[in-house]
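The values are calculated or read from the model by the stated rules, or taken from the named source; none is laboratory data. Since this is a predicted model, take the numbers as computed values, not measurements. Glycine also receives a Cβ, built like all others from the backbone with ideal geometry; neighbour counts cover every protein chain displayed.
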Amino acid sequence: MVAVLITGILIPFLGAALSLLLPQRLARRICVTSGALSIAAVSLVLVHFTIEGRNGFSQSLVKVAGVSIWGVTIDNLSLLIGFAVGLVGLFVCIYSIGYMSLDNVEHPDQGRPRYFFFMQIFIGAMAGLVFSSTVTGQLFFFEITGACSWGLIGYYESQEALGGAAKALIVTHIASLGLYFAAATLYASTGSFSLSALSTLSAPAKTAVLLGILFAGWGKSAQFPLHIWLPHAMAAPTPVSAYLHAGSMVNIGVYIFARAIQSAGSVPHLVGAVGAVMATFTLVYAFVLYFPQKDLKGLLVYSTIAQLGYIFLSLSLSTFGSPLAFAGGVAHIFNHAFAKSLFFLVAGSLSFATGTRLMPLLRGLLTRLPVVATGFGVAAFAIAGVPPMDLFFSEFAIFAGGFEASRFYLPLLILVIIAVAEGVGTFAWFLKKFGEIVFGPPSPMVAAAKPVPLSMTAAIVALAALTLCSGFAPFAWLG
């Protein structure tokens, strides 16, 4: 299993090199092929893991002076999230075939090799991070994803794009200091960088390490006050927004926090309290910023920040004795990857076909762009928490887990009630936007829309199907 997994991690790096070395016309094919082979490798490991009884294990791969620097962990958590981010990566590569085209009304660009280079490096780095068994391994791939985000956000080379790329790189690098601190503290206390060593720490050392990881998570997952890079990152090509800023990169933060909680055993309540309070503030702050947004991608940015706030809240509440809250948070990572990636790809299809993402100019999608309109509806209902969409199930578990934790720690009830109220507000706001944009006679820009290419349509249909059907999957997998 380990050899197959390492192959799946390395294939995208090889594909990235080939994208630069071989003729430009082959770059997009290489990107799709490497993405497909990578998720195929993860899927093979998942199947073998299931057949062998789903017994998780870690294996060290790189040692220096007898200390493990990097290894892999194969268990329920890493395979669930690794499968989700790998599958979304493949669909984004397929979508990019059509989107990176001179036919794109908003951004005519045929897709230079460096776009596909950075995209594949990112897919490989995400796989490497998700399966890492050490804090140093997480840190290594954490920094690679930061470099990739810089290259992809600044792809169009406009002043806005370059500024957004620089801001993303600086803020997420500042956040990485939390992982440097966590790695140093863990090694000083235990002589090991392995995440499994977290459970052996004293309470003060464990608090310090977990708060360092939480700080790093806030930066990658765009939580207040380190959220400031994400709105400016929307200058990137929309497939980049779908993968880096919805389905993959922003999930790094919540994933490393979830992995740390799982590895630590008992978690000091101070860590849970800080995480829960900041998450609640972030999701309310992001919700307030829904209202002035005119650009659909702008709305999706703040929706992403809020949804990640739900995950941090749930994971933090789980430290007060609620396994259901932990399962809900992990399931939300999985489900949100599909739903929000779908929404971003819908936004990209609108800009491709009409030249705009401004919501006041978009009316009557169902008449002119029925597949895109259907994808919009599925994604909007999912973010609103409407059954049977996938996010309904994980949000329900988050709220139920929050109430479970509140039985033992009553002050937490206030945070859970605020989160529920935000969920009701999100429900109302996204259903309002759905009614305004999808139905009615088409606006002039929608009426003049160009056809959406088959590769883009296929990716939207696949992600819509997953958003409709995947709700139970993470809970069944986690048990």
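Values computed for the structure shown
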read-out	value
Criterion (touching a Gly at 6+ places or on another chain (Cβ under 8 Å), buried (at least 24 other Cβ atoms within 10 Å of the Cβ) and of a type outside the set (Lys, Arg)) met by exactly one of Ser149, Ser133	Ser133
Which numbered condition Leu270 fails, given (1) over 30 Å from Val438 (Cα atoms); (2) touching a Lys or Arg at 6+ places or on another chain (Cβ under 8 Å)	(2)
So Val330, is it closer than 21 Å to Met389 by Cβ, in the same structural domain as Ala286 (by TED's automatic domain parsing), out of contact with any Gly (no Cβ under 7 Å at 6 or more places or on another chain) and among the hydrophobic types (A, V, I, L, M, F, W, C)	yes
Among the candidates Ile398, Ile417, residue that is in contact (Cβ under 8 Å) with a residue 60 or more places away in the chain, among the β-branched types (Val, Ile, Thr) and in the same structural domain as Thr304 (by TED's automatic domain parsing)	Ile398
Subset tally (residues that are over 19 Å from the mean Cα position of the chain (by Cα), assigned to a helix (DSSP H, G or I) and among the polar types (S, T, N, Q)) for the range 425-476	3
Residue satisfying condition, being touching a Gly at 6+ places or on another chain (Cβ under 9 Å), in the same structural domain as Thr238 (by TED's automatic domain parsing) and not in a helix (DSSP H, G or I), within set Ser101, Ser34, Ser43, Ser38	Ser101
Single condition Val240 does not satisfy, out of (1) surrounded by 24 or more Cβ atoms within 10 Å (Cβ to Cβ); (2) at pLDDT 90 or above; (3) out of contact with any His (no Cβ under 9 Å at 6 or more places or on another chain); (4) not charged (D, E, K, R)	(2)
Matching residues, the range 377-391, being out of contact with any Ser or Thr (no Cβ under 9 Å at 6 or more places or on another chain) and either among the polar types (S, T, N, Q) or assigned to a helix (DSSP H, G or I) (or both)	Gly377, Ala380
Hey, Ser341 within 12 Å of the chain's Cα centre (by Cα) and crowded, with 24+ Cβ neighbours inside 10 Å or not	yes
Answer residue from the range 66-99, given it is among the aromatic types (Phe, Trp, Tyr) and surrounded by 24 or more Cβ atoms within 10 Å (Cβ to Cβ) and is farthest from Ile460 (Cα to Cα) among those	Tyr99
Meets criteria (part of a helix (DSSP H, G or I) and either under 13 Å from the mean Cα position of the chain (by Cα) or buried (at least 24 other Cβ atoms within 10 Å of the Cβ) (or both)) for His245	yes
Residue list for the range 198-236, restricted to those being farther than 26 Å from Phe326 by Cβ and surrounded by 24 or more Cβ atoms within 10 Å (Cβ to Cβ)	Trp229, Ala233, Ala236
Members of the range 273-318 that are polar (S, T, N, Q) and under 16 Å from Ser406 (Cβ atoms)	Thr280, Ser314, Ser316, Ser318
Any hit, the range 113-130, residues being buried (at least 16 other Cβ atoms within 10 Å of the Cβ) and either of a type in the set (Lys, Arg) or assigned to a loop (DSSP other than H, G, I, E, B) (or both)	no
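Residue by residue, here is whether (1) of a type in the set (A, V, I, L, M, F, W, C); (2) modelled with pLDDT under 95; (3) under 18 Å from Gly253 (Cβ atoms) holds:
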site	(1), (2), (3)
Thr33	no, no, no
Ala36	yes, no, no
His48	no, no, no
Phe83	yes, no, no
Gly98	no, yes, no
Leu102	yes, yes, no
Glu143	no, yes, yes
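Residues are listed down the side, and each one gets a yes or a no for (1) surrounded by 22 or more Cβ atoms within 10 Å (Cβ to Cβ); (2) under 20 Å from Leu324 (Cβ atoms); (3) of a type outside the set (Gly, Ala, Ser):
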| position | (1), (2), (3) |
| --- | --- |
| Leu358 | no, no, yes |
| Thr374 | no, no, yes |
| Pro387 | no, yes, yes |
| Glu395 | yes, yes, yes |
| Ile398 | yes, yes, yes |
| Ser406 | no, yes, no |
| Pro411 | no, yes, yes |
| Thr426 | yes, no, yes |
